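Data block below; observations after.
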């Protein structure tokens, strides 16, 4: 169920983002796309690992994973927000 | 409540392929379903089947092993009778004292769980099957365990002797080796097994069958006879029984990690004991299942069975040999115990695997560093020379100092599994990060040693080797047998 919801949110978000780029007539450099995908992957991994590790009864692994995968995801996201602004 | 399908009957029949004569995969009965490729054992895609195990084997240097040499049987001989007696006496005193002190992990309830798990199982393992133990043969075990093989079969409610097809007046079960393999895997899963593989006995793999039984020292021989039999001196495996069913029973990761620092506790030891108790029943059920089908299922008189467990597990592709000199599987790591039954039911052998596990063990060394008895090798490369007579030579591995390991059991008062508990492959496998790491271990070719060493380091950083609160276990709501890391089943 969570995978389904995540897929719907991701799909809807991706379409909205694409429409926004077109409406604002923004051209995105090629290297931004892999960085965006990396940020998305790291963010997804951080959230998934946090909850999966809690389910594994590994709270330390959950928090360390959230920091290790989540901080780079936030930094990349922050850089991209500044890029689009 | 009745659920209405939005798909009509015609569409449903069509979807099942029942209206097509030329369907590529048409199932007539359950036997067809078992033979379907979709019913095969699904391993993770990064687990590569190979023709030879990742461990080097010199078959010429491999001899059939006397099972009495293993430390579980000959520990007293290796450490000396006097020392063993002294350690045993001190162990008993400590067990009693720690119970009175209510020392965490060694209380009466912890000890009871350990003892009960290992003792459980309604039967002892036997060569031909529990029903073959007649009242005469078991009279020394007391009335409770005596069983009369001549008692009525279908009407006797008290553990009747199972009927063979001959007694039932029906033909024996017959299937292709593929169908039989699928059938045995399904049956064993039902009986509680985790992973199931098969080895064909040839001139090489016969060397992995013990030469002498661990408990009574009877010779184990192969003869060109139709039925297995047993005398006072020997147990005879028919030449036609040339397949070995190799299966594992999982252990609880949550339980095995309830050690006291690096020292095992009675509670952590209960994880191992319970697996043996469950296996005892699974083995008896498998022997009975084979007997009813019209085939023979042969087992040793002890848990160790008729052959060397890690060797058969590696040959069957359940996993690879690891630094602990035991099998480590890609799915469950070392958190399982391996059992074997020899049969004349034709089976399709499963292949050894390469998932990068043995290579990972070269640089990991966490188990050796954490071993409280310092009995695991810290050499990077595996070697041919055994550590002592308890090891069977002929393969390249990290041979362990077994008597020192067992001595530590006596000192700590509990069966030690610290190396199993701290292993980087001992995980519950819910987070996808474990699979990503395993893929990298199996497939990465860029500085693999450095990458693997990094993963081993991060395993500690993430806290997977951390001490668990021992007493918390008693308040936990865990699934049956405390395991939830089965991978590759249709209910995942």
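The table for this structure:
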quantity: Relative exposure of B:335, A:10, judged by other C-beta atoms within 10 Å (fewest first); calculated: A:10, B:335
quantity: Average projected area [Cα convex hull, the protein assembly as shown], square nanometres; calculated: 35.0
quantity: Extension reserve of the residue B:436-residue B:454 stretch, reckoned as 0.36 nm per residue once the Cα distance is removed; calculated: 5.1 nm
quantity: Residues B:420, B:455, A:4, B:462, sorted so that the one with the fewest Cβ neighbours within 10 Å comes first; calculated: A:4, B:455, B:462, B:420
quantity: Distance from segment B:355-402 to segment B:47-125 (C-alpha centre basis), Å; calculated: 18
quantity: Relative contact order of chain A, defined on C-alpha pairs under 8 angstrom at six or more residues apart (%); calculated: 28
quantity: Computed label-point distance, nm, for sites residue B:229 and residue B:108 using a 7 Å Cα→Cβ extension; calculated: 5.2
quantity: Relative counts (whole %) of C-alpha pair distances in chain A, using bins that are 5 Å wide; calculated: 3, 14, 18, 22, 18, 12, 8, 4, 2, 0
quantity: Estimated distance in nm for a label pair at residue A:63 and residue A:23, the labels positioned 7 Å out from Cα along Cα-to-Cβ; calculated: 4.2
quantity: Estimated FRET transfer efficiency (residue B:447, residue A:81; beta-carbon r; R0 35 Å; 0.05); calculated: 0.50
quantity: Beta bridges per DSSP with both ends in the protein assembly as shown, % antiparallel, nearest 5; calculated: 80
quantity: Spacing of the two label points (7 Å from each Cα toward its C-beta) at residue A:38 and residue B:471, in nm; calculated: 4.9
quantity: Residue order, fewest to most surrounding Cβ atoms within 10 angstrom, among B:291, B:190, A:49; calculated: B:190, B:291, A:49
quantity: Segment B:48-482 - percent relative contact order, Cα under 8 Å, separation 6 or more; calculated: 23
quantity: Gain in span if fully extended, residue A:30 to residue A:6, counting 0.36 nm per residue against the direct Cα distance; calculated: 6.1 nm
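The numbers here are math on the coordinates, done by the rules we state, and not lab data. Keep in mind it's a predicted model, so treat the numbers as computed, not measured. Heads up, the Cβs are rebuilt from the backbone with ideal geometry, glycines too, and the neighbour counts pull from every protein chain shown.
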